[in-house]
Amino acid sequence: MNLSISLAASLGLEGTSVRYVRVAWSHDLEDEPVLYLSELGEGGYETRKIQFFRDGKVEWADELHETASVGLSEVAFPLDLREISDQPEFDAVEIAPEEFEREWIKARSAG
């Protein structure tokens, strides 16, 4: 069985088109993330997210866990990631499910 299919099944997302996206954000803001990893489910909406900060802090969110500084977006990701990458401060690419899952496990175990 394909890993992305088994991950989708274990998360209750089987039958949906699950995508994984990495978005780098180039900026000088101290308290804002510089990298986002997102799992996208039905309609391009986030189902899980990891935020990485310049100082090494990592935060995560899913449908059951959000904080004041990290939560799932209420806006769907576009099918064409160039809509994000066309903005000079952003670089968005699709990533393998294994990359997301590896970082998700690390983020969850860190706190």
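Some points to look at:
- In order along the stretch 80-97, the Karplus-derived 3J(HN,Hα) couplings, from 6.51 cos²θ - 1.76 cosθ + 1.60 at θ = phi - 60°, round to 9, 5, 4, 4, 7, 5, 5, 7, x, 8, 10, 9, 10, 9, 7, 10, 6, x Hz, and Gly and Pro are given as x.
- Residues Val23, Val75, Val93, ordered by accessible area of protein heavy atoms at a 1.4 angstrom probe radius and largest first, appear as Val75, Val93, Val23.
- Neighbourhood net charge (15 Å Cβ-Cβ; Lys/Arg +1, Asp/Glu -1) for Leu79: -4
The values are calculated or read from the model by the stated rules, or taken from the named source; none is laboratory data. Computed from a predicted structure; not experimentally measured. As a convention, Cβ positions derive from the backbone with ideal geometry for all residues, glycine included, and neighbour counts pool all protein chains shown. Side chains are part of the model used for accessible areas, which takes the heavy atoms of the whole protein and leaves out ligands, DNA and RNA. Shrake-Rupley method; radii C 1.70, N 1.55, O 1.52, S 1.80 Å.
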